Amino acid sequence: MRKWSFSSRVLGALPLLIALAVHPVTAVALPSSPLMLANVYHAGVAVRDYWVSEKYDGVRAYWDGNRLLSRSGALIAAPAWFTAHWPDTPMDGELWIGHGLFERVSGTVRQLPPSDDAWRQVRYMVFDLPAQPGPFDQRIPVLQRLVARLDRPWVQAVRQFKVADEAELKRRLDEVVRAGGEGLVLHRGTSLYHAGRDDDLLKLKPYDDGEARVVGYSPGKGKYAGMLGSLLMELPDGTRFRIGSGLSDEQRRHPPPLGSLVTFRYQGTTAGGKPRFARFMRVREER
């Protein structure tokens, strides 16, 4: 059987890896976003004050009334027909194809020129109207009417519902996860739309997740000989740890470039602040 070797990208990084071992790099702060971002759900939340929806594992996309933009503000080159006749009202949502298909939708969004066939599988799941005044309680019916008037099957209003208590919330989470979903989002009904991250918006998953930068590589052993073994990661506070699971063989042959921002899942942290049982999920696009 043929053995694969590290790509030239990895081999060319070896001098940097040696330098990293001797000279720690400065932690890179994650970019700020004009969008409303979610904190992690925690005990003590008054769930009756929140609307609940499925958390779609897709690509965050912001319609500013004229252009479709990524979370970092980069232009998303969707086909002209996809956004034709969209309103001048800003919309916040997720480009999504289906459960477990993040890599496909991510590849579709990155492809230039855009592929009509690929984009016909994409839905824009709209969950908020950033420029609409009033609390989320009032923005929901406005959003639903706007999407209904738009009458584009690939543009859908995310379904929002209420739960009575935490037990019902956990049951709903179990249902979504069993169906292949990622988790739930809780949105406080009285909250105005605002940039930043706080408890007005919460995410609930059966695991923790986070983001860190790739700062190095370790070669594989055994069946992964000649490929990547693990990624050396760095959190914004400078904490370093390794990720060796969750990577496909293709990703081990062609690892994420140094400096890439990676989303990973984990189960709590060690006494030293390192994520426990960290598992690779995806590279977050920054264009």
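The values are calculated or read from the model by the stated rules, or taken from the named source; none is laboratory data. Computed from a prediction, not measured in an experiment: that's the story for all the values here. So basically every Cβ, Gly included, is an ideal-geometry build from the backbone, and we count neighbours across all protein chains shown.
For region 88-127, a residue qualifies if it is in contact (Cβ under 8 Å) with a residue 24 or more places away in the chain and assigned to a helix (DSSP H, G or I), and the qualifying residues are 102, 103, 105, 106, 109, 110, 116, 119.
Quick check on residue 171: is it basic (Lys, Arg), more than 25 Å from residue 71 (Cβ to Cβ) and in contact with a Ser or Thr (Cβ under 8 Å, 6 or more places away or on another chain)? No: the conditions fail for residue 171. Region 200-279 holds strands (runs of 3 or more DSSP E) entirely within its bounds, and those carrying 1 or more residues that are in contact with a helix residue (DSSP H, G or I) (Cβ under 9 Å, 6 or more places away or on another chain) and closer than 24 Å to residue 103 by Cα map to 208-219, 228-234. Scanning region 176-191 for residues that are surrounded by fewer than 14 Cβ atoms within 10 Å (Cβ to Cβ) and of a type outside the set (Gly, Ala, Ser) yields a count of 2. Across region 124-153, the number of residues qualifying as hydrophobic (A, V, I, L, M, F, W, C) and under 23 Å from residue 76 (Cα atoms) comes to 9.
Evaluating residue 242 against the criteria (1) among the basic types (Lys, Arg); (2) modelled with pLDDT under 90; (3) surrounded by fewer than 18 Cβ atoms within 10 Å (Cβ to Cβ) leaves one unmet condition, (2).
Residue by residue, here is whether (1) touching a Pro at 6+ places or on another chain (Cβ under 9 Å); (2) of a type in the set (Val, Ile, Thr); (3) surrounded by 18 or more Cβ atoms within 10 Å (Cβ to Cβ); (4) assigned by TED's automatic domain parsing to the domain that holds residue 171 holds:
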{"position": "220", "(1), (2), (3), (4)": "no, no, yes, no"}
{"position": "227", "(1), (2), (3), (4)": "yes, no, yes, no"}
{"position": "250", "(1), (2), (3), (4)": "no, no, no, no"}
{"position": "270", "(1), (2), (3), (4)": "no, yes, no, no"}
